[in-house]
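Every number here is computed from the coordinates shown, using simple stated rules; none is lab data. Just so it is clear, the structure is predicted and the values come from calculations on it, not from any experiment. Heads up, the Cβs are rebuilt from the backbone with ideal geometry, glycines too, and the neighbour counts pull from every protein chain shown.
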């Protein structure tokens, strides 16, 4: 199977479940991995933002990578989240982590530093030169504080041959359309925004990396397959079935929202590492009511 085939469709930015004391809940982790795979998703992204990667470091990060690979046992494609705002440190991570069983790396654009476009290009060019696996770059300006422009993403796509895709979460359709129009034919555009994925695929994207599919993998991956086959009429039914649920997952922060859903499903506890915190009791009750609308 080609790299494009592995990551075309629904990827899931998997949560990292914790016990109340903050330690990793490996039993729940296994349940969620199997829940996603049984839901027919095509890939899993480990230790992305949804996995609370900012509070998982060093040896523990390696334990997570290795555990997911062990439980997955080659059933779906795996992508390892390794990014940061220090290019040298990211490169050291590339050298240090054992990525056996993984097919790619997701690397978020540098945050907080707010580099200019040339700095962003040079960052990814440096990663491209030493990466052990193909890279999906991740543009999420709402979190990083700096957008990778359409022009810079196309430049990276043309000049950095180990960077094969972008997870594009700017929400800017002028930028999305520019990238899709001008990118090389073998470069993939993946949605990083659950609510607008249907529209992005209609514009030419090839799938997404999802938060929502942690909880609802079967319906969401079905929707993406319908979109990719050109059956938008049936895809819209699933899109609108989940539109309020999607909004609720992000209303008080992510992964706070999706873990509220997973805890109601009995898949993991509603626990986090600070500064991430659970949704309010009022919003949690709204989530319980929304869940009733998709049961059965």
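Table for the structure above
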{"quantity": "Protection proxy ranking, peptides 245-255, 39-49, average beta carbon neighbours within 10 Å, highest first", "calculated": "39-49, 245-255"}
{"quantity": "Region 269-296-region 23-100 distance, computed between alpha-carbon centres (Å)", "calculated": "24 Å"}
{"quantity": "Dimensions in Å of region 63-158 - Rg and Dmax from alpha carbons", "calculated": "13.9, 41"}
{"quantity": "Mean projected area (nm²) of the alpha-carbon convex hull when region 28-97 is viewed from all directions", "calculated": "4.8 nm²"}
{"quantity": "Highest-first arrangement of 102-113, 202-213, where packing means the average Cβ count within 10 Å", "calculated": "202-213, 102-113"}
{"quantity": "Estimated [θ] at 222 nm from DSSP helical runs (n ≥ 4, -39500 (n - 2.57)) normalised by residues in the chain, nearest 500", "calculated": "-13500 deg cm²/dmol"}
{"quantity": "Mean separation of Cα contacts under 8 Å (6+ apart) over length of the chain, as relative contact order %", "calculated": "19 percent"}
{"quantity": "Computed E for residue 57/residue 251 - FRET, C-beta separation, R0 45 angstrom, nearest 0.05", "calculated": "0.95"}
{"quantity": "Calculated log₁₀ intensity ratio I(q)/I(0) where the Debye formula runs over C-alpha points of region 196-282, q = 0.12, 0.19, 0.23 Å⁻¹", "calculated": "-0.40, -0.85, -1.07"}
{"quantity": "Quotient of C-alpha Rg and 2.2 N^0.38 Å, computed over region 159-211", "calculated": "1.04"}
{"quantity": "Largest-first principal axis extents, alpha carbons of region 146-296, Å", "calculated": "48, 39, 24"}
{"quantity": "Of every Cα-Cα pair in region 190-245, the percent that sits beyond 18 Å", "calculated": "17 percent"}
{"quantity": "Ranked by how many other beta carbons lie within 10 Å on average, peptides 144-152, 62-70 from highest", "calculated": "144-152, 62-70"}
{"quantity": "Share, in percent, of DSSP beta bridges within the chain that are antiparallel, nearest 5", "calculated": "5 percent"}
